[in-house]
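The structure appears right after this line, and notes come after that.
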Amino acid sequence: MAEESAMDQLSIKARDELLARVLLQHVLGAIVTQHDDGSAPSMYDLDVAYPDGRLAAAEVVSTRDAQAMSLAAATQREVYTDVAALTLTWFVTMRPEAHVRTLRRRLPAVLTDLERCGVSHVAYRSFESHQMGLADLGVAACSSTSASQRRPGFYLLSDWRSEWGGEGDDIVRRCDAFIQSVPDVTQKLLASRRPERHIVIVVTPDWVGPFGGIQHGPLPGMAPTLPDGINGVWLVTLRESPIRALYWRDGDVWREAEVTDEQITTADDPRRCPDDPVQEVNSRSRAVPPPRTHERRASP
């Protein structure tokens, strides 16, 4: 039996915060400590202290969907759901914008209607895809078979082309929308009265495209649209070492960094900042132009 890592022995929340703390203190060269000790409501998660005396606050938030993560824990790339109303086994390929929980809730009715109409295959952007609402759900394509030993139902499959080779800016758009959906994160940071405030987003597998893009994709070329008063955003996945992260800070471009198991294991004391900060892997970064706003990006 494999030995458990330091991360495996922690609760989900503690694991997210440990990863964020290690990432911030290594990249920023700062001492990062726990601020939210549960002694008061709405406390932000982490305090950041720079060597020159500057202070910052950081809040850690996860895209984690409990149901989707439970499924992803059973199998990384393939999720099967039994549906008594179906007669066939369906293979449903998800686009990056798809959300696992929504698909599991709505697909049974859609696939049942397809079987009732005698449709066994739906191509991406086809008439049936739009008519049946599959395109709106982020489904790239679906097909069915009767030659399966499983009970009727459907598999959810990642669109590997989108997950591994998607445009980096897609991650930024998804990040912007997510931050808007969790206003309490910004509120906690603004209440901190720290002059510098960071949001750390732990991205989970149910974010199909961004999850793979953060691990292996190109650096984004557009700046995020952050709420007023937020100075930086960090995107990181909980994956096997080394863990790749993307980050953006005021007036800068997107950069990447890596965190290893060794760095996480040696971070057992939150008051200690290791002597050898993690090196930014800029040598592997693709050159990107200065940050661009959404408006400038969209202009012809």
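The numbers here are math on the coordinates, done by the rules we state, and not lab data. Given the structure is predicted, the values throughout are model-derived calculations rather than measurements. So basically every Cβ, Gly included, is an ideal-geometry build from the backbone, and we count neighbours across all protein chains shown.
Residues whose amide H lies under 5 Å from that of L238, counting only those 5 or more places away or on a different chain, are V203; hydrogens are built 1.01 Å from N in the peptide plane.
Applying a 10 Å radius around every beta-carbon, put 108-115, 259-266 in order of their mean neighbour count, most first.
Values: 108-115: 17.9, 259-266: 16.1.
Packing order, densest peptide first, comes out as 108-115, 259-266.
Taking other C-beta atoms within 10 angstrom as a stand-in for reagent exposure, F127, F178 fall in the order F127, F178, fewest first. The HN-Hα couplings worked out from phi for the stretch 44-56 by the Karplus form 6.51 cos²θ - 1.76 cosθ + 1.60 (θ = phi - 60°) are 6, 7, 10, 9, 10, 10, 7, x, 8, x, 5, 10, 9 Hz, whole numbers, x standing for Gly and Pro.
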